[in-house]
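Below: the structure, in structure tokens.
Since every read-out is calculated from the coordinates, none of them should be taken as a lab result. What you see is a predicted model; the values in this text were computed from it and never measured. Here Cβ is always computed from backbone atoms with ideal geometry, including for glycine, and neighbour counts include all displayed protein chains.
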Amino acid sequence: MKVIYVFVCFMWILSCKNSTVQSPSSDQAMEASPAMSEGQAAVKDDESMKDVVKVAISSPDHTTLVTAIKQAELVNSLSNAGPFTVFAPTNDAFSKLPPGTVEELMKPAKKADLQNILQYHVTTSTLKAGFFKEGMTLGMVNGDHVSFQVADGKVRINNTATIIASIPASNGIIHVIDAVLLPPGK
Amino acid sequence: MSTILMTLILITFIACKPRGIQQAISADAAGKVYVAPGKYDEFYNFVSGGFSGQMSVYGIPSGRLFRVIPVFSVDPEKGYGYSEETKPMLNTSHGFVPWDDLHHIALSVTNGIHDGRWVFGNGNNTPRVARIDLKTFRTVEIIEIPNSGGNHSSPFITENSEYVVAGTRFSIPMDDTNGDVPINTYKQNFRGTVSFIKIDPASGNMNIAFQILLPGVNFDLSRAGKGKSHGWFFFSCYNSERANTLLEVNSSQKDKDFILCVNWKKAEEYVAQGKGKKQVVKYAHNMYDEKKHMATSIMEKEVLVLDPKDLADMVYFMPCPKSPHGCDTDPTGEFIVGSGKLAAIIPVFSFTKIQKAIADKTYDGDYEGIPVLKYESVLHGEVLKPGLGPLHTEFDDNGNAYTSMFVSSEVVKWNIQSLQVLDRVPTYYSVGHLSVPGGPTKKPWGKYMIAYNKITKDRFLPTGPELAQSAQLYDISGDKMKLILDFPTIGEPHYAEAIPAELVSKNSVKIYKIEENQNPWVAKGDDFARVERKGNEVHVYMTSIRSHFVPDNIEGVRLGDVVYFHVTNLEQDWDVPHGFAVKGANNAELLIMPGETQTLMWKPDRVGVFPMYCTDFCSALHQEMQGYIRVSVPGSNVPISFSTGNTTPVQ
């Protein structure tokens, strides 16, 4: 019966194509909203404070990170309500990785790996630098944890990356770091 | 199974029938009203809520509801009338009045064309006029009308938004007289007024410039002159019998009542010459300051009254058949269409002829000392047999008029010059006002006509004894009017105006800048968050941002205290309001826009610990956005303390 039902539905779609698939006649009269098919990242808004993605985009030191976020299709997620704490490695931080690493991660076949790495740099909630204490661990969006070391007023993550600046954003905060955080191997 | 299959085949067959199989709805109706996901409507439709006291905003042609703007009625959803900042908006000379009956809409105009700045609404019950700022879609001003028994013929507007008017529906003893009189002394003691409320061209602020004292009739509707008739205003009135009981019968005795023609430029001259009389009255004037995010209410004590008995050449009565209701001027300003609810014709008056009749003094006597113009001398012509119960007329951009017929539940399209009926369509059911985008202005945008109906019966799924009232959208781009959509409305959709979306959307505010917040209770950052005791008042200066409050643990409140939560939303991001509510509050919630401060008063009724939380889903951690406030016994020595993020355990 299911087969027949599907067949009938299919016929219905086919047979009605001419009359039902026509575009609305008043189409031209309607104004398209800017975010029509792109998601929140495309919302036109010059009045609000910048979100974490727009803050990163406006930073000349984060072009690699921004390219990676786009490649990993995380732009809309990070433009969402959040709130997010983003640890944002600089271009220099990426360049400290073994040669070819970034290029390899940017390949379409490696998208899942790239997403995993980037999501290891994000947690939900707005955490200022002063919140992090020696020995604290924090769950990240990818499911793994990072640890914090605090000495001489500086916050280090996983004993590798140091927070060198913190920038508030509309949907959270960005902590600029000087090394890329690598998730623990599976 | 075979039944199902047959049904499907049948449906397929019907669905694919060529155009013409359906009677009332054309096959392309769905396409004409379909606004695809992510696309915008072409027009905003501002629709009065009638007895809901509010105004709602729809998209045309989709009929999608975007917002209900609280105006005269409290709105717990938005905290309007509940927050300390908004309570003064509903103050009147009778005290706090939390409801009214909003009948009519007037969009501001410049040179007779919509300018998208403000929309005005009238309070029919406790006479008031409200102004809504279209940058924020918020009620920013309400002014009460003295010497009025109910503000129905309002808030119609002059062609440069010089004035909105307010004509009393109920005549009453004037405010400065002893009102303790027998009701059946109506003819001696009851008077009517029409008020002209000046609009400040820059700020939009309202101020009653003058009132005209008139015989005790019922003023119903009105329209300003425009173009050649700019400087004049036309008010329909009924009950020229001046009955005070069973008006259903007693105010329908005469063949003709009146349309009052007011030369308001002349009235302005009299005002400038100091000819008016100042009368001691009392009325509230409430303003919302969008920098302070709070309203103030002041009680005005004086109004200027012009009496036509002493001041000639200012007002004239024009006979109009059978209890006129609608009184609408066409886009050129030459024609005034009167709609007698009980009349078999629609009279169309000529402004040119009115001027000539006045110049020639072609009078038909007077009514209570005011000249009555001879009907035939001012008449352009009559629309014959238009339908039953004509009510309201709007205009398109092609010289045509559309009149709603209450009794025969139809809309009739006719030509203003030829007075010939061109088309008629049924409405479902009992149509009141109509709206054509720009219909009451010098520049109708045309394209659609929306009918606002009082009764829906079988049009929608039933919801018990009370059904939604409805709007019906007609395509008027061709010769024939075509029904293309029904949509339900909030309250009673009494009157509405529609405006091209771009004229409004381009000015829409996204956030309030926190640095410009002048609220006296603002906390412009977590460092300013605090709790202070002043006698038995506890003031909590609280901040909210995704996803926490500062402070979120509060102690030291005692039973008998009055707690004020002054909540500042620190967000600077479009469409990220935070809400605030506390358990057991005999109050509503707060809904606080980005950059705004609002205050909730709470009188705890028992000792204990009370949760408080964010009510507007703000973020992934919205459910974590909460806190506690501890209430101790009277005289307790628990000190005022507050914190956020303090995890130190008790010693």
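The table that follows gives values for the structure above.
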{"read-out": "Residues of the stretch A:163-186 with amide N under 16 Å of the 7 Å Cα→Cβ point at residue B:644", "value": "A:168-173"}
{"read-out": "Shielding of A:41-48 by partner chains, average beta-carbon count, 10 Å", "value": "3"}
{"read-out": "Ordering of B:217-230, B:53-66 by burial proxy (mean other Cβ atoms within 10 Å per residue, highest first)", "value": "B:217-230, B:53-66"}
{"read-out": "Residues of type lysines that residue A:44 reaches as a straight line, Cα spacing below 22 Å, ignoring anything fewer than 8 places off in the same chain", "value": "A:54, A:70, B:39, B:135, B:506, B:510, B:513"}
{"read-out": "Whole-percent pair-distance distribution, where bins are 10 Å wide, for the alpha carbons of the stretch A:51-177", "value": "13, 47, 35, 5, 0"}
{"read-out": "Burial ranking of peptide ranges B:196-207, B:176-187 (average Cβ count within 10 Å, highest at the top)", "value": "B:196-207, B:176-187"}
{"read-out": "Calculated P(r) tail over 39 Å for the protein assembly as shown, as whole % of Cα pairs", "value": "52 percent"}
{"read-out": "Dipole-positive endmost among A:127, A:60, B:320 within the protein assembly as shown (Cβ charges, Cα centre)", "value": "B:320"}
{"read-out": "Helical contribution to [θ] at 222 nm, DSSP H n ≥ 4, -39,500 (n - 2.57), averaged over the protein assembly as shown, rounded to 500", "value": "-3500 deg cm²/dmol"}
{"read-out": "Long-range HN-HN contacts of residue B:92 with modeled amide H, under 5 Å", "value": "B:97"}
{"read-out": "Anchor residue A:128: aspartates and glutamates whose Cα lies under 13 Å away (excluding residues fewer than 8 positions away in-chain)", "value": "B:526"}
{"read-out": "Simple label model, 7 Å out from Cα along Cβ direction - residue B:457 to residue B:515, nm", "value": "6.3 nm"}
{"read-out": "Simple spin-label estimate for residue B:254 and residue B:429 in nanometres, 7 Å along Cα-Cβ", "value": "3.4 nm"}
{"read-out": "Dipole of chain B, positive direction: furthest Cα of B:409, B:89, B:303, with charges on the beta-carbon", "value": "B:409"}
{"read-out": "Fully extended contour minus Cα-Cα distance, from residue B:506 to residue B:302, at 0.36 nm per residue", "value": "69.5 nm"}
{"read-out": "Euclidean distance between Cα centres, the stretch B:55-83 to the stretch B:294-315, Å", "value": "31 Å"}
{"read-out": "Peptide B:34-46 - average C-beta neighbours from other chains (10 Å radius)", "value": "4"}
{"read-out": "Cα-centred dipole magnitude for chain B, charges only on beta-carbon of K, R (+1) and D, E (-1), debye, nearest 20", "value": "680 debye"}
{"read-out": "Average projected area [Cα convex hull, the stretch B:555-651], square nanometres", "value": "7.0 nm²"}
{"read-out": "Pair residue B:586, residue A:96: separation of 7 Å Cα→Cβ label points (nm)", "value": "6.3 nm"}
{"read-out": "Kyte-Doolittle at least 1.0, axis length at least 15 Å by Cα - qualifying DSSP helices, chain B", "value": "B:2-15"}
{"read-out": "For the stretch A:67-161, size of Cβ-based charge dipole, Lys and Arg +1, Asp and Glu -1, in debye", "value": "120 debye"}
{"read-out": "Cross-link partners of residue A:107 among aspartates and glutamates (Cα-Cα below 17 Å; sequence separation of 8 or more within a chain)", "value": "A:73"}
{"read-out": "Average other protein chain Cβ within 10 Å of Cβ, residues A:163-174", "value": "2"}
{"read-out": "Given charges at Cβ of Lys, Arg, Asp, Glu: the protein assembly as shown dipole, positive-most of B:543, B:120, A:109", "value": "A:109"}
{"read-out": "Estimated dipole of the protein assembly as shown in Debye, rounded to 20 [Cβ of Lys and Arg +1, of Asp and Glu -1, Cα centre]", "value": "880 debye"}
{"read-out": "Separation of alpha-carbon centers, the stretch B:403-431 and the stretch B:169-215, rounded to whole Å", "value": "34 Å"}
{"read-out": "Alpha carbon centroid spacing (whole Å) that separates the stretch A:57-134 from the stretch B:247-283", "value": "71 Å"}
{"read-out": "Segment residue B:205-residue B:66, length gained on full extension (0.36 nm per residue, minus Cα span)", "value": "47.4 nm"}
{"read-out": "Label zone at residue B:526, where the point sits 7 Å out along the Cα-to-Cβ direction: the stretch B:548-567 residues whose backbone N lies under 17 Å", "value": "B:548-554"}
{"read-out": "Whole-number D in µm²/s for chain B (Stokes-Einstein; Kirkwood sum over Cα pairs; 4 °C, 1.567 mPa s)", "value": "48 µm²/s"}
{"read-out": "Protection-proxy order for peptides B:547-555, B:370-378, B:331-339, each taking the mean of Cβ atoms within 10 Å per residue, highest first", "value": "B:331-339, B:547-555, B:370-378"}
